[in-house]
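Peer 1: Sharing a structure below in structure tokens format, with a few things to ask.
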Amino acid sequence: GKNTTENYSNWRQRLVDYIKDTKDVIILAEKNRTPHILSIAFYKIKGEVAVNHFQENGITVSTSSACSSKSGQAGHVIESIRLPEPYKQGVIRISFGENNVLSDVVKFEKVFSSFAHILQRGKSNEME
């Protein structure tokens, strides 16, 4: 079946609610935000590290490089500039597509949690 904008908005909001209280993660507010894209930034890690973790767990996300989508690009770059320095390298974008279903969103939440745990562990091993 084809997904509607409403599907995407609901999923996006669900992930925002799920992620927003996580330590060391910032949700990027995109001005003219598209409902099927959500960008988040991790503290002091490279986006590729996150992307690899998600891919190993069967979820495709992308780093926020300028070569992604033409449309969201300008706003995205501007928002990234406003990020605190330690987060700038760690931006990933999650995109929903026609083939996605709710269980993909649930799966994303699980993988996100496992990744957040790994990050917390890594932080506690670091002497500041």
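The values are calculated or read from the model by the stated rules, or taken from the named source; none is laboratory data. The structure displayed is predicted, hence computed values, not measured ones. All Cβ positions, even for glycine, are placed from backbone atoms using ideal geometry, and neighbour counts span all protein chains on display. These area figures cover heavy atoms from the full protein model, side chains too; ligands, DNA and RNA do not enter into them. Shrake-Rupley method; radii C 1.70, N 1.55, O 1.52, S 1.80 Å.
Peer 1: Looking at (1) part of a loop (DSSP other than H, G, I, E, B); (2) open to solvent by 80 Å² or more (accessible area, probe 1.4 Å), which is the one condition that is false for Glu48?
Peer 2: Against the list (1) part of a loop (DSSP other than H, G, I, E, B); (2) open to solvent by 80 Å² or more (accessible area, probe 1.4 Å), Glu48 comes up short only on (1).
Peer 1: All but one of (1) open to solvent by less than 80 Å² (accessible area, probe 1.4 Å); (2) at pLDDT 95 or above; (3) among the acidic types (Asp, Glu) hold for Glu56; state the number of the condition that does not hold.
Peer 2: (1)
Conditions (1) surrounded by fewer than 17 Cβ atoms within 10 Å (Cβ to Cβ); (2) modelled with pLDDT of 90 or more; (3) closer than 23 Å to Leu119 by Cβ; (4) of a type in the set (Gly, Ala, Ser), marked per residue:
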site: Ser62; (1), (2), (3), (4): no, yes, yes, yes
site: Ala66; (1), (2), (3), (4): yes, no, no, yes
site: Ser69; (1), (2), (3), (4): yes, no, no, yes
site: Arg82; (1), (2), (3), (4): yes, no, yes, no
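Peer 1: Anything in segment 16-45 that is more than 23 Å from Ser124 (Cβ to Cβ), of a type in the set (A, V, I, L, M, F, W, C) and buried (at least 19 other Cβ atoms within 10 Å of the Cβ)? List them, or say none.
Peer 2: Those that are more than 23 Å from Ser124 (Cβ to Cβ), of a type in the set (A, V, I, L, M, F, W, C) and buried (at least 19 other Cβ atoms within 10 Å of the Cβ): Leu28, Ile37, Leu38.
Peer 1: Restricting to segment 84-128, and then to whatever is part of a helix (DSSP H, G or I) and either touching a strand residue (DSSP E or B) at 6+ places or on another chain (Cβ under 6 Å) or at pLDDT below 85 (or both), can you tell me which residue is surrounded by the most Cβ atoms within 10 Å (Cβ to Cβ)?
Peer 2: Here the residue is Gly90.
Peer 1: Related question: Tally the residues that are touching a residue at least 60 places away in the same chain (Cβ under 8 Å) and part of a helix (DSSP H, G or I), restricting the search to segment 1-29.
Peer 2: Final tally of qualifying residues: 8.
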